[in-house]
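The values are calculated or read from the model by the stated rules, or taken from the named source; none is laboratory data. Every value quoted in this text rests on a predicted model; they were computed, and no experiment measured them. A quick note on method: Cβ atoms are made from the backbone with ideal geometry, for glycine too, and the neighbour counts reach across all protein chains shown. Side chains are part of the model used for accessible areas, which takes the heavy atoms of the whole protein and leaves out ligands, DNA and RNA. Shrake-Rupley method; radii C 1.70, N 1.55, O 1.52, S 1.80 Å.
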Amino acid sequence: MSKPFILHMFTTAKNLSPFDVNMALDAGWISAVPYINVEPSEVAGLVQDVIFSRSPKGLKNTGIFIGGRDTKQAMDMLKTAKNSMFKPFTVSVFSDPSGAFTTAAAMVAIVEDELKLKFDTNFENKTVLVLGGTGPVGQAASVLAAQAGANVRMIGRQLDKTQRIADMCSQEFGDNKITIAAGLDSEKSQYIEDADIIFSVGAAGIQLLNAEQIKSAKQLKVVTDVNAVPPSGVEGLDAFFNGSAIESSTSGAIGIGALAIGNIKYQVQSLLLKKMIDNEDPIYLHFEHAFEMARQYIQSKK
Amino acid sequence: MAKKSILHMFDPMPNNSPFDVNMALDCDFDVLMPYANVKLDSIHRLTQDVIFSRGPAGVKKTGIFIGGRDIGLAVDMLNTAKQAMFPPFQVSAFADPSGAFTTAAALVACVEKELQKNNNQKELKDCKVLVFGGTGPVGIATGVIASLAGADTTLVDHISEGTAQDLASEYNRRFDCHLSGAVSTYDEDKIKLIADVDLIFCTAKAGIQILSAEVLSHAKQLKVVGDVNAVPPAGIAGVGINDFGTPLANTNAVAVGPLAVGNIKYKVQHELLCSMLAGDKPVYLDFRNAYTMAQSLLK
């Protein structure tokens, strides 16, 4: 009899996200076991307990999921987990703190697709503004857009904090090959005028972009909003927008709402959880793999 | 529809061990429920919640596993769980904190087997035994098992004689055994201690060499050594990771290495977990059952 599929779910928070638990069990894992309040220093010990209690064959039916709220911590934990294993005692690991990696990946991939479809272009040399950009989704989206060739500016309410997070993203997540700029929320109007793409990824219920500002944007092409709770983060763009024109735009910009992003995010997370089960060799998944999967999924639906 | 089998895993630590989770699911428990940060006070209530929610047929498909790092606490929890139940509302319970009971049981049984094989049917009760790294969970459990088998057993701490003696008296009281405590920080201490011993167990922290080849050459009576450290260097110089009855350099003894012990430990834990679901009667399992199981697996 083959061994049951066990997903060991680590989080630094005091509870797992029920979202991730449902996703894991629906993707085919038989048992989703929570480990809460996990300190990064405990990861190596937990991982070794995972690998030494099953044979290399049994380990093919074993995985580790890393949640939590902190992106840097989740990436560090992914690295630690990978480095705590050795062949043939290895299992797949998937890091998706707050679902931010899959959400950001879905959003950036949809925008990339819309840019090609409606504007016959891509992210290269485009100006991207990330409003409310210091949170987990903003961080991952900034890195993905910058890696695709865009000039990205993260917008936050405190410049020093925003700059620090932008630098961390460039160095840690972008391997120093990208440079993400920082800007103050109170000064965003000047940046909006030249923006090609705007991601609105701030906290739910706060409007970050109004109709007046959209009107001032001379070359705006795509605006996204991950916020499903009214009022939406972008005036005139609701959760159901899926490539529809934004009325106040003078440059023919289109909008992508929370449900369109959420739908792809759901598929991407599910496909990656399944890939952990199906892949012959162990895989280590984060935002870059989520982005690749989102691109593939969007193309496969055409 | 047949009821699913459920293992409730009580752990005083912030998290359960993934080792125990994998083992339990591989023994055909359908569902595992982890309970972390569990205090001794809560065991009675938790156990009653376990038994009263499934009828007398359902309890046969239900078990309690007790983990943690403190073996005294684990045994207290096991006893408390047992006392909270009454026929026919009884489920099987198994204590194996940090895998210490099954590891220690496998270690002692492997060394005992080599002793009998190589020394004219000599038994544990005829032996003088040292447990280096004897104040950690595996070390204490190893000492208790050896002492209950009749060996003259000493727990050795690397820093404090007081710690070793306190633990020896605590566990003597608990399990009615006869442990002593000793300290060995420097090679001189070690040479003195090992001069007339028959068996040495090493359960010290991984990656630290406790006994060098030079020190070992002073152990004139030494018959068998067992080392659970799988990370080089070996805790006892010259012990190979796969050794099982292999002659130990610089001595007249033979060695049992960490993978030989680990292999038996894995089987013992597997068999005990499976036995929780197998019988018609509930079972209550601790290091004693683990030791008996290890002995029978090695026959």
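Odds and ends about this structure:
- Every residue from the stretch B:263-283 that is crowded, with 18+ Cβ neighbours inside 10 Å and among the hydroxyl-bearing types (Ser, Thr, Tyr): B:Tyr266
- Subset of the stretch A:249-272 [in a loop (DSSP other than H, G, I, E, B) and open to solvent by less than 30 Å² (accessible area, probe 1.4 Å)]: A:Ser249, A:Ala253, A:Gly257
- Residue pairs meeting the criteria (Cβ under 6 Å; at least 6 apart or on separate chains; first assigned by TED's automatic domain parsing to the domain that holds A:Asn210, in the stretch A:229-241; second at pLDDT below 90 and open to solvent by 30 Å² or more (accessible area, probe 1.4 Å)): A:Val229/A:Ala204; A:Val229/A:Gly205; A:Ala239/A:Ala228
- Taken over the stretch B:51-74, residues that are out of contact with any Phe, Trp or Tyr (no Cβ under 8 Å at 6 or more places or on another chain) and within 14 Å of chain A (Cβ to nearest Cβ) amount to 2.
- Only one entry in B:Ser98, B:Ser92, B:Ser5 is within 14 Å of chain A (Cβ to nearest Cβ), under 20 Å from the mean Cα position of the chain (by Cα) and touching a residue at least 60 places away in the same chain (Cβ under 8 Å), namely B:Ser98.
- Count - residues of the stretch A:33-43 that are open to solvent by 10 Å² or more (accessible area, probe 1.4 Å) and either more than 9 Å from chain B (Cβ to nearest Cβ) or under 21 Å from B:Ala100 (Cα atoms) (or both): 3
- Test: residue in the stretch B:14-33 that is more than 11 Å from chain A (Cβ to nearest Cβ) and open to solvent by 10 Å² or more (accessible area, probe 1.4 Å): no
- Some residue of the stretch B:255-278 being assigned to a loop (DSSP other than H, G, I, E, B), within 22 Å of the chain's Cα centre (by Cα) and at pLDDT 95 or above: yes
- Pick from the stretch B:244-262, criterion within 14 Å of chain A (Cβ to nearest Cβ) and without any contact (Cβ under 8 Å) to a residue 40 or more places away in the chain, ranking: surrounded by the fewest Cβ atoms within 10 Å (Cβ to Cβ): B:Leu259
- Failed item in (1) within 14 Å of chain A (Cβ to nearest Cβ); (2) over 24 Å from B:Glu170 (Cβ atoms); (3) modelled with pLDDT of 90 or more, with B:Gln48 passing the rest: (1)
- Cβ separations smaller than 8 Å between residues 6+ apart or across chains give the following pairs from the stretch A:17-38 residues that are in contact (Cβ under 8 Å) with a residue 24 or more places away in the chain to residues that are among the basic types (Lys, Arg): A:Ala27/A:Lys274; A:Gly28/A:Lys274; A:Ile36/A:Lys14; A:Asn37/A:Lys14.
- A:Gly28 vs. criteria open to solvent by less than 10 Å² (accessible area, probe 1.4 Å) and at pLDDT 90 or above: no
- Test set (1) touching a Pro at 6+ places or on another chain (Cβ under 7 Å); (2) open to solvent by 10 Å² or more (accessible area, probe 1.4 Å); (3) small (Gly, Ala, Ser) - B:Ala57 fails condition number: (1)
- The listed residue being open to solvent by less than 50 Å² (accessible area, probe 1.4 Å), of a type outside the set (Gly, Ala, Ser) and touching a residue at least 24 places away in the same chain (Cβ under 8 Å), out of B:Lys220, B:Lys190: B:Lys190
- Residue in the stretch A:273-281 that is touching a residue at least 24 places away in the same chain (Cβ under 8 Å), surrounded by 24 or more Cβ atoms within 10 Å (Cβ to Cβ) and within 17 Å of A:Val130 (Cα to Cα) present: no
- Candidates are the residues of the stretch A:44-69 that are more than 11 Å from chain B (Cβ to nearest Cβ) and either within 20 Å of B:Met13 (Cβ to Cβ) or among the hydroxyl-bearing types (Ser, Thr, Tyr) (or both); the one that is most open to solvent (accessible area, probe 1.4 Å) is A:Ala44.
- Candidate set from the stretch A:79-97 (those that are assigned to a helix (DSSP H, G or I) and surrounded by 21 or more Cβ atoms within 10 Å (Cβ to Cβ)); member that is farthest from the chain's Cα centre (by Cα): A:Ala81
- Subset of the stretch A:2-32 that is more than 15 Å from A:Met276 (Cβ to Cβ) and touching a helix residue (DSSP H, G or I) at 6+ places or on another chain (Cβ under 8 Å) - its residue that is farthest from the other protein chains (Cβ to nearest Cβ): A:Phe19
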